[in-house]
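Asker: Sharing a structure here in structure tokens format.
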Amino acid sequence: MTFADLARAIWIPILAAACGGPGPSGAPSSPGGGAGARGPADPAPNVLPVSVDGPGCGVGAYLDEPCVSVTICAPGTARCQTVDGLLLDTGSTGLRVFSQALTLELPAVTAGGGPVAECIGYADGSSDWGPVVRAGVVLGGEPAVTVPIQLIDASYADRPASCQSPEPDPATAGFNGILGVGAFGEDCGEGCSRADNGLYFACGAGCAGTALPLASQVQNPVAALPVDGNGLVVRLPSVPPAGAASASGQLVLGIGTRGNNVPPPSVLAYPLDGVGDFRTGLVGATVPAFADTGSNGLFFAPPAGSGLVACAAPDAAWFCPPSAVTLTATMTGAGGSPSTAVTFRIAVADALPAGVQVSAEVGGPTPVPGEFDWGLPFFLGRDVYLGLDGRTSVLGPGPLLAW
Amino acid sequence: MAGVVVAVGLIAGPGRARATLGELEATVDHDRVVLSMERAPPAARGGVVVHELGKPTVSVREFEGPSGRVFAVAWAGLARPDLAALMGSYHAAYRAAASARRTGRGPRRVEAADVVVETWGHGRDLHGRAWVPSLVPPGANLDDVR
């Protein structure tokens, strides 16, 4: 144990007892202080390195893709496997790993005597299909937590016709799996525990829709942590306006639980509603909004007269204004407060320099009025806190978003 | 009469139950059964009749134009409804177009031969809509399709 370790070991309990004042040296000093600020050898147990399109993202990595690595174990054993190239996703809940990337044998979660499978959908119209299994999940240096996860396997059992466009493999998806750390404890919640729901199926001769108790649903592994289960901080550096080839930062687990996750007094908390949304106003129209590291741009309905037109095919998912556009949005908690302004820029996506894989200025159109999807660019250069549903932190009761 | 029956069969596609997008209002009830949903009384908005189906985890709206055909459908909920049932003969074209390479992750618009599909949202809150441009009645506002 080094002197630094010793010092930290002593002062974590002091900080926990003080419950929330900004720490003298361990606390982040300012947004964007993230990448490299603590160094790769940092032994803090509640930190997962995040690579945005750098080492750790596998083949098929795409623009603004944040990747993490997680160790998965057969529950209660030392038989473990580390899987990298997992998409860090605050817009979904639960760990999902392609069967091609995980050779470990894991016990099935069952319902009515049959193994449970899930079809979970995403914003882009795709789905993940495969069995729900129980696994020991090790996040950073945290103790293993045993939770249901999903094995992504499009060929598993008798996939129902309603489960469309299942992702076939890591190369198609652009990652080996998804670490969903959204605001909720389970991916579906009460809505799936009471009735047939379109997500969960019990498989026997075929796979039939089934209700599933909360404890059997795919879980947010962060919520299961003994000390740091009340939330998380996504800490990514800013990148130059022209973009960068890659960036590295941290996923810090817990809020106000250790020296490295205490929000400074300038951080404001925005309460989220029952689906995890706050509100964003842009030129008069106010729409539901969410902060999603798993979306690789800022997606919103462009205000009339903003000049935000879609790029020509095949890049029509992105904005290509005649020149970069600066906009100011109003961010409001789900209950109407607080309310503050955020200024952001949308660059010409087609004009990104060659080799740029990280940009804070890429966006694209959604239907009117739609929603405001604050994807990864929102996280670049600011520490974003996510307080989990049903938990409380120094920022208040979750679910909440704060920066 | 036989000719009409054959024509309907062709529209619906071989081996697939009749479904909704692009078809007559009478197929809304078919969807209600296939999707295991409750049906609310239809509501008229301008020249468009909106048929609403729902269950606790997902809701569906079908938009019927003056011709009596469903020109658009929209959905929202914890899960996506069975789009094969909801989009009927247009579903295969959507899936084929959607298999093109994506440029990342986020909301998506897919334009196929005679159908446009938009999807957006996040975990626990998935949204989408599909419409047939050639069937959209003059004056209908697609912003109302949601």
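Computed from the coordinates by the stated procedures, all read-outs in this text should not be read as laboratory data. Keep in mind it's a predicted model, so treat the numbers as computed, not measured. Cβ: placed from backbone, ideal geometry, glycine included. Neighbour counts: every protein chain shown.
Asker: Across the Cα atoms of segment B:21-109, what radius of gyration and what greatest pairwise Cα-Cα distance (Dmax) are found, in Å?
Answerer: Looking at segment B:21-109, its Cα Rg and Dmax stand at 13.9, 41 Å.
Asker: Please find the FRET efficiency linking B:Glu111 to A:Val227, where r is the Cβ-Cβ separation and R0 is fixed at 51 Å, and quote it to the nearest 0.05. Please list the in-between numbers first.
Answerer: Working: r = 49 Å, r/R0 = 0.97.
Approximately 0.55, to the nearest 0.05.
Asker: If you take every residue apart from A:Arg279 with its C-beta less than 12 Å away from the C-beta of A:Arg279, what net charge results, scoring Lys and Arg +1 and Asp and Glu -1? Numbers along the way, then the final one.
Answerer: Numbers: positive: none; negative: A:Asp273, A:Asp277, A:Glu371.
It works out to a net charge of -3.
Asker: If r is the Cβ-Cβ distance from A:Gln100 to A:Ala242 and R0 is 35 Å, what FRET efficiency results, to the nearest 0.05? Please list the in-between numbers first.
Answerer: On the way: r = 36 Å, r/R0 = 1.03.
In this case the efficiency is close to 0.45.
Asker: While we're here: With each label point set 7 Å from Cα along the Cα-Cβ vector, what nm distance links B:Ala100 and B:Val33?
Answerer: Spacing of the two 7 Å Cα→Cβ label points: 3.7 nm.
Asker: Turning to a different aspect of this structure: Through the Karplus equation 6.51 cos²θ - 1.76 cosθ + 1.60, θ set to phi - 60°, convert the phi angles of segment A:118-133 into ³J(HN,Hα) values in whole Hz; use x for Gly and Pro.
Answerer: Computed from phi, the couplings for segment A:118-133 are 10, 10, 10, x, 10, 4, 7, x, 7, 9, 10, 10, x, x, 9, 10 Hz.
Asker: Between segment A:225-275 and segment B:28-50, what is the C-alpha centre distance in whole Å?
Answerer: One Cα centre to the other: 44 Å.
Asker: Would you grab the residues whose amide H sits under 5 Å from the one on A:Ala211? Only those 5+ places off in sequence or on another chain, please, with H modelled 1.01 Å from N.
Answerer: A:Asp196
Asker: Among rounded, prolate and oblate, which fits segment A:218-283 when a ≥ b ≥ c are the square roots of the eigenvalues of its C-alpha gyration tensor, a/c under 1.5 means rounded, and a/b larger than b/c means prolate? Each step should come with its number before you reach the end.
Answerer: Working: a/c = 1.64, a/b = 1.19, b/c = 1.38.
In terms of gyration-tensor shape, oblate.
Asker: Below 10 angstrom from the Cβ of A:Asn220, what's the summed charge of the other residues (Lys, Arg +1; Asp, Glu -1)? Don't skip to the answer; put the middle values down first.
Answerer: Values: positive: none; negative: A:Glu186, A:Asp187, A:Asp389.
Every neighbour counted, the sum reads -3.
Asker: Also, I was wondering about something else. Order these by the 10 Å Cβ neighbour count, fewest first: A:Val52, A:Val309, A:Val133.
Answerer: Numbers: A:Val52 30, A:Val309 13, A:Val133 23.
Neighbour counts put them in this order, fewest first: A:Val309, A:Val133, A:Val52.
Asker: Sum -39500 (n - 2.57) across every DSSP H segment of at least 4 residues in chain B, then divide by the residue count to get the 222 nm mean residue ellipticity, nearest 500. All intermediate terms of the calculation are to be shown ahead of the outcome.
Answerer: Values: 4 runs with 32 residues, N = 146.
Result for chain B, helices only: -6000 deg cm²/dmol.
Asker: Taking the radius of gyration and the Kirkwood hydrodynamic radius from Cα positions alone, what is the Rg/Rh ratio for the protein assembly as shown, to two decimal places?
Answerer: Radius of gyration over Kirkwood radius for the protein assembly as shown works out to 0.98.
Asker: How would segment A:71-173 be classified by its alpha-carbon gyration tensor: rounded, prolate or oblate, with rounded meaning a/c under 1.5 and the a/b versus b/c comparison settling the rest? All intermediate terms of the calculation are to be shown ahead of the outcome.
Answerer: Working: a/c = 1.87, a/b = 1.32, b/c = 1.41.
Verdict is oblate for segment A:71-173.
Asker: What ranking do A:Leu212, A:Leu102, B:Leu126, B:Leu24 get, fewest neighbouring Cβ atoms within 10 angstrom at the top? Can you show the working numbers first?
Answerer: Working: A:Leu212 26, A:Leu102 20, B:Leu126 23, B:Leu24 15.
Sorted ascending by nearby Cβ count, the order is B:Leu24, A:Leu102, B:Leu126, A:Leu212.
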